[in-house]
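To start, the structure under review is shown below, and the notes come after it.
Every number in this text was worked out from the coordinates using simple rules, so none of it is lab data. Since this is a predicted model, take the numbers as computed values, not measurements. As a convention, Cβ positions derive from the backbone with ideal geometry for all residues, glycine included, and neighbour counts pool all protein chains shown.
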Amino acid sequence: MSDAVIRWTTLEERDVLRQGAAVSQPTVGATPASARDETPVDDGGDLRLSRRGFLAASGFTMAGALAACGRAPPVHSAPGAMAPEDVVAGRATWYATTCGGCAAGCGLIVRCRDGRPVKVEGNPRHPVSAGGVCAVGQATLLGLYDSRRLLRPVVDGRDATWKAVDERVRTDLERVRATGGAIRLVTGTVNGPSTSAAVAAFLAAFPTARHVSYDALSASAISDAHRRTHGVRVVPRVFLDRAETILGLDADFLGTWISPVEHTRGWRAGRTLGGAPPRLSHHVQVEAALTLTGSNADRRVRLDAGTEGAFAAHLAARLAKAAGLPAPATPDPLPVEAAAFDSVVAHLWATRGRSVVLCGTNDVDVQACIALANEALGAYGGILDVAAPSLQRTGDDGGFAAFVDELEAGTVSAVIFAGCNPVADAAGGARLTAALPRVAVRIGLAERHDETTAALTVVTPLPHAFEAWDDAEPVRGVVSFTQPLVEPFGEPRSLRACLVAWSGAAMSELDLVRATWRRDVLPRLPAGAAEASSWRTALRDGFVRVDVPRAPARPFDVAAAAAAAPRVRPPGDGWVLACVPSVAMLDGRHAQNPWLQELPDPITKQTWGNAVLLSEVSARRLRVADGDRVRVTGKDGVTATLPALIQPGLGDRTVVLVLGYGRAGTDRFAGVGPAWIEAKPTVVRGGTVGASATPFLRFERGAVVYGGSPVVVERAGGREDVARAQVYDRLDVPKNVAPHGGERRDPVHETTLAAFTKDRRAGHPHAAHSAADLWPAEHRTPGERWRMVVDLTACTGCSACVVSCQAENNIPVVGKDEVFRRRDLAWMRIDRYYADVPGATGEVEVVHQPMLCQHCENAPCETVCPVLATVHNSDGTNGQVYNRCVGTRYCANNCPYKVRRFNWFDYARHDRFADLVLNPDVTVRTRGVMEKCSMCVQRLHEARAEARRLGRPLADGEARTACQQSCPASAIVFGDANDPRSAVARLIAQDARHYRVLEELNVKPSVGYLTKVRNRPADGEGAERHG
Amino acid sequence: MRRRTLSIVAVVGALLGGAVVIQGADLPLPGNHIGYEPVQPIAFSHPLHAGQLEIPCLYCHSAAERSRHAGLPSDAVCMNCHRAVGATLSAVQEEAERAKAARRQPLPVVSSEIAKLYRAQGLDDTGQPVPGARVTPIRWVRVHNLPDFAYFDHRSHVAVGVACETCHGPVDTMARVRQHADLTMGWCVNCHRRANATGLPGGRPARASTDCSTCHY
């Protein structure tokens, strides 16, 4: 039974549990001494009032009262000389556009109020993202209102006009052209038709120019491997919804790899338990770091960094043999247990045609092996599409490495960097810094100053995605459009417009994109669609589907794939480094975004920085504990000194560094959070948030190596505490009030597919009992009765909902010091629980549980509020009335779910520009007020008011909470439980997996969960545990 | 000790007494701006437009149907009529007669208040753009102000047929718009309770919520 599972959140807790003792007060090793709240002792004194004192006090009161008697200053309303069409004060307008957070090209619908974007939502009809948005996509909104954005061009460190810039650049480029000097244009992935056309025109105008494209999180090896095997340099598009068995090898496809939202959609589609028989794909993850994807796998097998190649070779050899294809050599021993390997191979082979291997290792030979394995499994043409591939990573590591060599050789005369920061995020970035000053013409297009622009002479501002015209073709066959949602701040200009201005006649951004639409996109529209489609409908929808020319497929080159010889594992038993991206930071391009900096990592729960992640065994070997500073030294003496953080589930030789941190300019967050006497800066002035792992990246064998490099790890002395969320907000009962044996209450119900198929109620520890009720049924819900259900089988913990909630509900950023003090204000948090895997020391299983106000029917918070500031609404939700709250915090103490948040301060709202991000429909809370999830009451009101205005009843799915809207996995279902036909009512009534957390308390939460079901084969190891 | 008790009693008594006085005299509590009647940048006459000419409220305040805010008309809405109408009919007729007497073309007649509208639009008295003039929207003074923690939705009220004058009073008789009702929470809640008890205009049942979260979130 699942109540035998010991679930824990921190290692300290686990150790206590293993000793069989109940957890009373969790030891929070990482909490600095100063962070403990120390209440100054107040002896009270004698409240004696002298006559003089009384008069003084009453006089003061009188004066104060009189001073407050004046009328508030008049409020002015300027309706505008000419109201733009469709813009009505107080009414939101929605525009379809494309996300600029990464190159995945997810479709967005952005809510604008009074001429400015205030909330990012997913476009449900978009072929790539289908309504999901990730945490980064949500947070790009704040990037628009960043006061550190570059607003005007800068030449030689001084502000300049565009006219001066254009003249200078044209003259410079003309001179370079005349002398025949090499021009290099360096960008990230470019897949937009209009930008590609502009680049092509520029290259044609300057014959010595070359386009160098690289990705900081590179998938170059996948493209190169497919050039070997398929003759085309592409990254195949993945349709995970068609997969029955998924093997992820070092590929965090649900979190950070290529197109996480798209993959999450597909992965989720393979996990629909409602049908008969229930559909649940089998997902095995083999990886060194514990990634988000690994944490969601049905089975996770850990290996040490650097041995992925050996695994891939063995896998390819075994599958190729089974399929009767020539097999690659396997010089290295199998890096995982043979039983686990056999089981994975057996699953893949048994479901061939419906199984796939996804590999994130950036090594051409490894990827060739994987291609061979996928060919043997018959994944091409079904799950993997090479004919209409992904264009979300088109960078070429080899091209970039050649560019760095050229720079060092001094053969480049002009260089233009656009929208990329290779000095900080590319392998060889340090070499760039040294070589760049020797280039005569150095131009950069950037949204803000960064490490790369520091070495350039001309720096021009790029527009934010929400103020630009643009197009993208993230996957072949889908053209996605970007339209401006706000008048640009400053004078930004896109790469496209710059290239056109520097190589030909200048055109407006809109004209450029429209010209491409007419010339390149319209002719590609499928027959019949061209007449129905216009520029306006394309903009309204945000995308168009276009025909993909089906070239005759070249046969799979088996010989080339079988000749692959993956890199041999690093010798000896020294430390091996794995550099991995995190869900919030990706490659670090959003390092200046405080929402993302404060977003707890889904696995480590770390905020504001990165750490050296080590396994428990490794930590013992090094004699370090959480927060002890550790120095990692790589080849060529590159080092990073960071606090250690013990991460369960890692290999014992593996050291993990998270990429994207240590960015220049992040010391801007020194003053983030409340300014008070005990405040400590989030980052020291002149320092950076975290440390960069980029120096450890190397270019080897045709691609950038992220993992597998041998490193030296040693104690550096000193401590630096790691600010982690979820070492607090615990759902256990304090020892002194718990009934015997009732200290532990498992908030997560979990079972296996085998057990679930037999009994749909499997996983619930005991039938929910409803004893006599002391509470009168006094809460009537005459209209709607809002309820929510979260499917734990679907939830990946990607944290998109957390940032979505933050944006929707004006939740401030509190800073690192306040996180230490357990005062973060997230209304939505994701609780991450570990559980040991029996018989496999060091392996862990992970469950993610979104936790928000449960809107209890018998709400414990309501009964203890002395001022009735938290009360029950007639729609079943629990309301928090800020203007009534006096801040006793009784409610938070009485909340069993620990979801209430207290405003200890008036959080910094000093940045008037950043304040534009505030949602005008939600009160900005002041100091001394309690707050918590409101079920997005403003959105419910909006939906209800619209229905009322149009004179029709509210339809199911019309009122959606922010977390629900963004969820790429559709794990959150919300609706009116009084309507028996609503999706949520049917789930509650019919789905046997439905349960409520801490149901035994009889608080009757309105939020329910669906049991986590893992597809564990009945015969596999680890299945007995769940019986 | 006795002195302390006395002073506490005195303070509490004074507060209670004050409350009784305020209650008895029906004085508005702090924050209740009933009767607020600020001077507007243009002496716009509701009696003329809404009363005499019977222009519906929603012609100018059209957002009330679609948005939480009723909205003020943009200057362009005024210009729908005032592009042609520059002064009262009598003033125009007088000028016409004067012109007739003096045997000349009548001059454009623009009242001093409408001239302000033209200036804001960057136009001269004949309605022609003044070269170099900037368009500066008129900054009206808001009469009905709710505190920031209260959200009111015009749209819902208009949709169920609550008449504008229920809350705003006889605006068509106000030379200068004045806050007619308390706009306090008690006043709102009373109306909601009344509506639930007696139904909406036309006898339909009301669903006027009295939850805190109806207005506070």
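Once you average over the residues of B:146-157, how many Cβ atoms of partner chains fall within 10 Å of each Cβ?
Mean number of neighbouring Cβ atoms from other chains: 4.
Peptide A:933-945: average number of partner chain Cβ atoms within 10 Å per residue?
Averaged over the peptide's residues, the number is 3.
For the charge dipole of the protein assembly as shown, defined by +1 on Lys and Arg C-beta atoms and -1 on Asp and Glu C-beta atoms about the Cα centroid, which residue among A:ALA225, A:LEU247, A:THR888 has the Cα displaced farthest towards the positive pole?
With unit charges placed on the Cβ atoms, the residue in question is A:THR888.
For A:LYS119, list the lysines whose Cα falls under 23 Å from its own Cα; do not include residues on the same chain fewer than 8 positions away.
A:LYS119 reaches A:LYS932.
When the scattering of segment A:575-719 is computed by the Debye formula from its Cα atoms alone, each counted once and equally, what is log10 I(q)/I(0) at q = 0.09 Å⁻¹?
Summing over Cα pairs of segment A:575-719 leads to -0.27.
Quick check: from the Cα gyration tensor, does segment A:470-558 come out rounded (a/c under 1.5), prolate or oblate? Could the numbers behind the result be given before it?
Details: a/c = 2.22, a/b = 1.55, b/c = 1.43.
Prolate.
List every residue whose amide H lies under 5 Å from the amide H of A:ALA644, counting only residues 5 or more places away in sequence or on a different chain, with H placed 1.01 Å from N in the peptide plane.
When sequence neighbours closer than 5 places are left aside, the close amide H contacts are A:VAL612, A:GLY627, A:ASP628, A:ARG629, A:VAL630.
Shape call for segment A:746-846 from the C-alpha gyration tensor, a ≥ b ≥ c root eigenvalues: rounded (a/c under 1.5), prolate (a/b greater than b/c) or oblate?
Here segment A:746-846 falls in the oblate category.
Modelling each spin label as a point 7 Å along the Cα-to-Cβ direction, I'd like the B:THR210/B:ALA133 distance in nm, to one decimal.
Each label point is offset 7 Å from its Cα along the Cβ direction, giving 5.5 nm.
Enumerate the amide H contacts of A:ALA251 below 5 Å, restricted to partners 5 or more residues apart or on another chain; note that Pro and chain-start residues carry no placed amide H.
HN-HN under 5 Å from A:ALA251: A:GLY360.
Ignore the peptide's own chain and count Cβ atoms of other chains within 10 Å of each Cβ in B:59-65; give me the average, rounded.
If you average over the peptide's residues, the count of other-chain Cβ atoms is 2.
Could you pull out every one of the lysines with an alpha carbon less than 24 Å from that of A:LYS735, ignoring same-chain neighbours closer than 8 positions?
The reachable lysines, counting only those whose Cα sits under 24 Å from A:LYS735, are A:LYS898, A:LYS1004.
Have a look at A:VAL154, A:SER799, A:LEU273 and report the one farthest towards the positive end of the charge dipole of chain A, computed about the Cα centre with Cβ charges (Lys/Arg +1, Asp/Glu -1).
Selected residue: A:VAL154.
Calculate the length of the line joining the C-alpha centroid of segment A:546-607 to that of segment A:625-643, in whole Å.
One Cα centre to the other: 22 Å.
Through the Karplus equation 6.51 cos²θ - 1.76 cosθ + 1.60, θ set to phi - 60°, convert the phi angles of segment B:11-16 into ³J(HN,Hα) values in whole Hz; use x for Gly and Pro.
Each residue of segment B:11-16 in turn: 5, 4, x, 4, 5, 4 Hz.
A:LYS680: which lysines have alpha carbons under 19 Å from its alpha carbon, excluding same-chain residues fewer than 8 sequence positions away?
Reachable lysines: A:LYS816.
How long are the semi-axes of the equivalent ellipsoid of chain B, taking √(5λ) for every eigenvalue λ of the Cα gyration tensor, in whole Å from largest down?
They are 46, 24, 17 Å, listed from largest to smallest.
Distances over 23 Å make up what percent of all Cα-Cα pairs in segment A:218-322?
Considering segment A:218-322, 33 percent of its Cα-Cα pairs are separated by more than 23 Å.
Mind jotting down the three principal axis lengths of segment A:178-243 based on Cα atoms? Whole angstrom, largest first.
For segment A:178-243, the Cα extents along the three principal axes come out at 55, 25, 23 Å.
Quick one: 3J(HN,Hα) in Hz for segment A:557-568, Karplus 6.51/-1.76/1.60 with θ = phi - 60°, rounded, Gly and Pro as x.
Values per residue, Gly and Pro as x: 7, 5, 4, 5, 5, 5, 6, 4, 10, x, 3, 6 Hz.
In a Debye calculation with equal point scatterers on the alpha-carbon sites of chain A and no solvent, what is log10 I(q)/I(0) at q = 0.05, 0.06, 0.07, 0.10 Å⁻¹?
-0.31, -0.45, -0.62, -1.31
So how strong a dipole does chain A carry about its Cα centre when Lys and Arg Cβ are +1 and Asp and Glu Cβ are -1, to the nearest 20 debye?
1100
Based on Cβ point charges of +1 for Lys and Arg and -1 for Asp and Glu, what charge dipole magnitude is obtained for segment A:575-719 about its Cα centre, in debye rounded to the nearest 20? Intermediate values should be presented prior to the final figure.
Values: 17 positive and 12 negative charges, 57 e Å.
It comes to approximately 280 debye.
Okay, helix-only estimate at 222 nm for chain B: each DSSP H run of n ≥ 4 adds -39500 (n - 2.57), divide by all residues, round to 500 deg cm²/dmol; what do you get?
Value at 222 nm, helices only: -11500 deg cm²/dmol.
Name the long-range amide H neighbours of A:ALA130: under 5 Å, sequence gap of 5 or more, or other chain; modelled H, no Pro or chain starts.
A:GLY107
Given a cut-off of under 8 Å on Cα pairs at least six residues apart, what relative contact order in percent is computed for segment A:575-719?
Relative contact order comes out at 35 percent.
Of A:LEU348, A:HIS941, A:VAL366, whose Cα points farthest to the positive end of the dipole of the protein assembly as shown (charges on the beta-carbon: +1 Lys, Arg; -1 Asp, Glu; origin at the Cα centre)?
A:HIS941
When you count, for each residue, the other Cβ atoms within 10 Å and take the mean per peptide, how do A:347-354, B:198-205, A:600-607 rank with the highest first? List each step's numbers first, then the result.
On the way: A:347-354: 17.6, B:198-205: 10.6, A:600-607: 23.8.
Result, highest mean Cβ count within 10 Å first: A:600-607, A:347-354, B:198-205.
Treating only the Cβ atoms of Lys and Arg (+1) and Asp and Glu (-1) as charged, compute the dipole magnitude of segment A:846-936 about its Cα centre; round to the nearest 20 debye.
In total the dipole reaches around 320 debye.
Just to be sure I understand: of the beta bridges DSSP finds with both ends in chain A, what percent are antiparallel, rounded to 5?
DSSP beta bridges in chain A are roughly 60 percent antiparallel.
If you plug each phi of segment A:107-112 into the Karplus form 6.51 cos²θ - 1.76 cosθ + 1.60 with θ = phi - 60°, what whole-Hz ³J(HN,Hα) values come out, in order, with x for Gly and Pro?
These are the phi-based 3J(HN,Hα) values: x, 10, 10, 10, 8, 10 Hz.
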